[in-house]
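A short write-up of the structure that comes next.
Since every read-out is calculated from the coordinates, none of them should be taken as a lab result. Just so you know, these numbers come straight off a predicted model, no measurement behind them. Because the Cβ atoms are built from the backbone with ideal geometry, glycine has one as well, and the counts that use them run over all protein chains shown.
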């Protein structure tokens, strides 16, 4: 017998909204409970998305099209049967996705612990004198709260992103007791750097950007004139 979870998936837009079936692997069978939050692969690119288990059932054989539950985020259920029934009622009553209805019933503190870390590849504006190529820097970005949810829901590897935030220097100790220092950017605003035509298809109902509520700065405009002029290729060889 195979255990199958019915999951309300965060990445599912209203047009394709429904509970999705996922196979529960043996390694997660004990932790996967109704009302727990999970991470699942979703869409053609199998991008990770959060979800909530709405029900569990047993099937005699594994269906080959089923994707596998990736991770269970909670040790105990955070939603009870009555709350799940209420979420299903809200989905039918109001213009929202099933996941959005479920999320309104979750304890608010769960989402203030949400954190997303990713690397942004940034080409330098000048070419290396020896190789004639532009070097690429990989900058660690840390997003919190709703900004983190926005990034995890709508961005995939290879999608262009523009980040506005602050530089943070963090001291830490490695496993050998050595003192280390890391530099990272804490994101205030994140928005798409490509268009629907240039990116990997439609945004799937995504807003153009997300600005952190406590960021204190507005998101950069989409389109229009910028305060900075683009550096041309003929200006690329700088004397350093």
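Assorted remarks:
- When each of the peptides 122-131, 96-105, 65-74 is scored by how many other beta carbons lie within 10 Å of its residues on average, the order from highest to lowest is 96-105, 65-74, 122-131.
- Sites residue 172 and residue 75, calculated FRET efficiency, Cβ-Cβ separation with R0 30 Å, nearest 0.05: 0.70
- Least to most buried among 191, 14 (fewest other Cβ within 10 Å first): 14, 191
- Label reach from residue 121 (point 7 Å along Cα→C-beta): in the range 38-60, amide nitrogens under 19 Å belong to 45-48.
- Gyration tensor (alpha-carbon) shape descriptor, the range 1-137, a/c threshold 1.5: prolate
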